[in-house]
Amino acid sequence: MSINGAAYIVGAFEHPTRKAEGQSVAQLHAEVAYGALQDAGLSKDDVDGFFCTSAAPGLGPINMADYMGLTKLRHVDSTDMGGCSYVMHVGHAAQAIREGRCNVALITLAGRPRAEGMATGTVPRSWAPNIPDDPFEIPMARTVVTSYAMVAQRHMHQYGTTSEQLAWIKVAASQHAQHNPHAMLPKPVTVEDVVNSPMVADPLHRLDCCVISDGGGALIVTRPEIAKSLKRPLVKVLGCAEATKNQAAGGIDLSYSAARASGAAAFAEAKVKASDIQYASIYDSFTITVLMQLEDLGFCEKGQGGKFVADGNLISGVGKLPFNTDGGGLCNNHPANRGGMTKVIEAVRQLRGEAHAKVQVPGCKLALANGIGGLLGHRHGAATLIMERE
Amino acid sequence: MATMSANRAIPAPKEDPTTKPFWDAARAGKFLIGLCKDTGKHFWYPRGCSPYTLSNNVELVEAKGTGTIYSFTVMRSKEPHAPAYVELDEGPRVFTNIVDCDLDALKIGQKVKVVFKPTEEGGAPVPMFTPA
């Protein structure tokens, strides 16, 4: 059964903070939830479905439901697939709504790694106890940046991709970020700025990496009858799919991502193709992350990502595929080290015609949001969401 | 300009009941990999099931300890080090580090051989690789 047309996104809110020195993680969850409900024209007691991840404080959804006073819940889902979880949650919410398990789904994300001084990307980290791969990888200094860097190195070797081509992704994000008053890095940069910034992990430079920020966001997903009774523009869920990609018992192939599978399934459900998409939110933990997803989603052929992103092709009003018009993780924010939420939010803004005037895609009817969660060079998940302005 | 790999402090691998034989062999200088006895195929990392059939008909076997670099990076920290995937002659690609060499001279496809490196607090040594 398809979720095409089963649900609409009626509320979206991005927390304006980038360094939350005055709020706890729980308070941030409450603030984004309230913001999204206000945006939708709904209230707390309308919420009967709640979605979060292990980034939310507590045991699954239980503690945050208690903190926020969500007393009407009859469907919960705390499936965690890292940063792409919130893209996936929209699909899960649409499934639950289609099945009659809930009417109004609230999805929240919040965190404060910046205020807490977390070494997000450069220190080996374990997700939890008893993970079977940890003993073989933590001693080898498996970090977020080294995992993604090995993918970039392999892409360059296999397809001839260059640092200058990857830099164009950051350049495009910075062109958009200059119009976002909340962006952490609002200053436009050049290809030279990127390739001359310090090398962090070959071939990724400092400006190939996303920011570390606090904040969060929330979404409200509901059934068609309720969506049509509200005053907000109608953003219909056309398709959503998820996938994981493994080390394959030692047969790991770094040339593609799980977005190949999630994208194909989401496009099939949405009954559209990559060339129909007018705006794309593409998870940008690193520049290479974007390049891999663009290829795997079919925006260009495998190995041609470098040529595709060059010369401003991702800049709104300039290129063929406007992406991350809020500045993305590379320039705007990456709340709680999980960028999937803001990817959906900016796509919703574009479909509503509420992006900044300088980056708004004229007549934007069809948008995509894609996320990658976990470590691209080790094991990861992907989620693809396709939405339509009705 | 050369960047020599640092002798960084390596955290001890946390041993569990399933993989203890792997670490015991490492203490004796032997590099073991998984073998699925249902299919005859090798696998990495060692585990208590076959990732090909899910049965527990698996054993640890000694690898030759030679292979080629499939991909790598150089972490440009105060203690430069090179996380990498090495494709073993037996087939599996192993996440490891390339050590005891000029990290600026590393290349994909380069031949390497295993070398065990001591870990902190008397932990088991871990298999890393150096140019052959």
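Laboratory data are not the source of any read-out in this text; all were calculated from the coordinates shown. Model, not experiment: these values are computed from the prediction. Ideal geometry is used to build each Cβ from the backbone, glycine not excepted, and the neighbour counts take in all protein chains shown.
Would you work out which of A:362, A:177, A:90 lies farthest towards the positive end of the dipole of chain A, given +1 charges on the beta-carbon of Lys and Arg and -1 on that of Asp and Glu, about the Cα centre?
Positive-end residue among those listed: A:362.
To the nearest whole number, what is the average tally of beta carbon atoms from other chains within 10 Å of the beta carbons of peptide B:40-46? All intermediate terms of the calculation are to be shown ahead of the outcome.
Working: counts 0, 3, 2, 5, 7, 9, 3.
If you average over the peptide's residues, the count of other-chain Cβ atoms is 4.
Towards the positive end of the charge dipole of the protein assembly as shown, with charges on Cβ (+1 Lys, Arg; -1 Asp, Glu), say which of B:44, B:7, A:167 has the farthest Cα.
Checking the options against the dipole of the protein assembly as shown, the answer is A:167.
Residues of B:10-17, mean number of Cβ from any other protein chain within 10 Å of their own Cβ, rounded to a whole number? Mind showing how you got there, number by number?
Details: counts 4, 7, 3, 7, 8, 1, 4, 0.
That average works out to 4.
Suppose every Lys and Arg Cβ carries +1 and every Asp and Glu Cβ carries -1, with no other charges. What dipole size does region B:20-131 come out with about its Cα centre, to the nearest 20 debye?
Details: 14 positive and 13 negative charges, 26 e Å.
Approximately 120 debye in magnitude.
Hey, got the average number of other protein chain Cβ atoms within 10 angstrom for residues in A:139-151?
Numbers: counts 16, 15, 10, 3, 4, 0, 3, 10, 3, 1, 6, 8, 2.
Across A:139-151, the average partner-chain Cβ count within 10 Å equals 6.
Among A:140, A:336, A:201, whose Cα lies farthest out toward the positive end of the dipole of chain A, if unit charges sit on the beta carbon of Lys, Arg (+1) and Asp, Glu (-1)?
Positive-end residue among those listed: A:336.
Show me the ranking of peptides A:32-42, A:136-146 by mean Cβ neighbours inside 10 Å, starting with the highest.
On the way: A:32-42: 20.7, A:136-146: 23.2.
The most tightly packed comes first, giving A:136-146, A:32-42.
Working from the pairwise distances between different alpha carbons, so that the mean of 1/r is found and then inverted, what is region A:171-319's Kirkwood radius in Å?
Working: mean 1/r = 0.0556 Å⁻¹.
The answer is 18.0 Å.
Per-residue ellipticity at 222 nm for chain A, helices alone: DSSP H runs ≥ 4 residues times -39500 (n - 2.57), over residue total, nearest 500 deg cm²/dmol?
Details: 12 runs with 123 residues, N = 390.
Calculated from helices alone, the mean residue ellipticity at 222 nm is -9500 deg cm²/dmol.
Let me spell out the model: positive unit charges on the Cβ of Lys and Arg, negative unit charges on the Cβ of Asp and Glu, origin at the Cα centre of region B:1-68. What dipole size does that give, in debye rounded to 20? Write out the running numbers ahead of the final one.
Numbers: 9 positive and 6 negative charges, 31 e Å.
Dipole about the Cα centre, nearest 20: 140 debye.
Please order A:127, A:168 by the number of other Cβ within 10 Å, starting at the fewest. List each step's numbers first, then the result.
On the way: A:127 11, A:168 25.
Lowest count first: A:127, A:168.
Just to be sure I understand: of the beta bridges DSSP finds with both ends in chain A, what percent are antiparallel, rounded to 5?
Around 75 percent of the beta bridges assigned by DSSP in chain A are antiparallel ones.
I'd like the trypsin sites (Lys or Arg not before Pro) in region A:1-48 restricted to DSSP loop residues with at most 13 other Cβ atoms within 10 Å, sorted by number. Kindly include the intermediate steps, with their values, before the conclusion.
Values: sites: A:18, A:19, A:44; in loops: A:18, A:19.
When the trypsin sites (Lys or Arg not before Pro) of region A:1-48 are filtered for loop state and at most 13 Cβ neighbours within 10 Å, A:19 remain.
Taking only the alpha-carbon atoms of the protein assembly as shown, what semi-axes of the equivalent ellipsoid follow from 5 times the gyration tensor eigenvalues under a square root, in whole Å, largest first? Walk me through the numbers on the way to the answer.
Details: eigenvalues 314, 133, 89 Å².
Working from the Cα gyration tensor, I get semi-axes of 40, 26, 21 Å.
What is the magnitude of the charge dipole of the protein assembly as shown about its Cα centre, with +1 placed on the Cβ of each Lys and Arg, -1 on the Cβ of each Asp and Glu, and no other charges, expressed in debye to the nearest 20?
On the way: 51 positive and 51 negative charges, 115 e Å.
Here the protein assembly as shown has a charge dipole of around 560 debye.
Enumerate the calculated ³J(HN,Hα) couplings along region B:68-84 in order (Karplus 6.51 cos²θ - 1.76 cosθ + 1.60, θ = phi - 60°), each rounded to whole Hz, writing x wherever the residue is Gly or Pro.
Coupling constants for region B:68-84: 10, 6, 8, 7, 7, 9, 10, 6, 8, 8, 4, 10, x, 8, 10, x, 7 Hz.
Ordered by packing density, taken as the mean number of other Cβ atoms within 10 Å over each peptide's residues, highest first, how do A:56-64, A:337-345 rank? Let's see the in-between values first.
Numbers: A:56-64: 17.9, A:337-345: 28.6.
Averaged packing, sorted descending, gives the order A:337-345, A:56-64.
Take the Cα atoms of region B:20-131, build their convex hull, and give its volume per residue in Å³.
Details: hull volume 11.9 nm³, N = 112.
About 106 Å³ per residue, rounded to a whole number.
What are the ³J(HN,Hα) values, in whole Hz, obtained from phi via the Karplus relation 6.51 cos²θ - 1.76 cosθ + 1.60 with θ = phi - 60°, for each residue of region A:107-123 in sequence order, with x given for Gly and Pro?
For region A:107-123, the Karplus curve yields 10, 10, 9, 7, x, 9, x, 6, 5, 7, x, 6, 7, 5, x, 10, 10 Hz.
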